[in-house]
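Colleague: First the structure, which I've put down as structure tokens, then a few questions once you've had a look.
Every read-out reported here was derived from the displayed coordinates using simple, explicitly stated rules and does not represent laboratory data. Remember, it's a predicted structure, so these values are computed and weren't measured experimentally. When we count neighbours, we look across all protein chains shown, and the Cβ atoms used for this are built from the backbone with ideal geometry, even at glycine.
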Amino acid sequence: MTHLRHKRTGMTWRAPRTPDWKSGVRRRHSPGRKLLLTIAVLGAAASIAGLGTFATFTSSTSASHTVSSGTVTIALGATGASTNRLNIDATAIAPGDTIQRSVDLIDQGTINLA
């Protein structure tokens, strides 16, 4: 260690110590080492992404599905019945008025609507 004493004040100055490898002391990395660590991290990330993509495009599944065709026919219930009141006239209707009517729809096709 270097100690210097000021002539007029008598105060002692000493050179700063180099850091030891103790806990809490951080050492600066050289630019070459930083570059190497950056390339290693980017390479690891790229390889993980590449393996994920490879697994996605090479996976296979098997599926069996049957497709059938049919008809959809929707019919109204019997005319004049209590469940089909569309043929009942309405009088004195103004714009904005609403009318409620019940309708019975019957599925007469070969495919279920539900």
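Colleague: If R0 is 22 Å, what FRET efficiency do you get for A75 and T98 from their C-beta distance, rounded to 0.05?
Modeller: For A75 and T98, the calculated efficiency is 0.30.
Colleague: Want the number for L36 to M11: 0.36 nm per residue separation, take away the alpha-carbon distance, what's left?
Modeller: 4.4 nm
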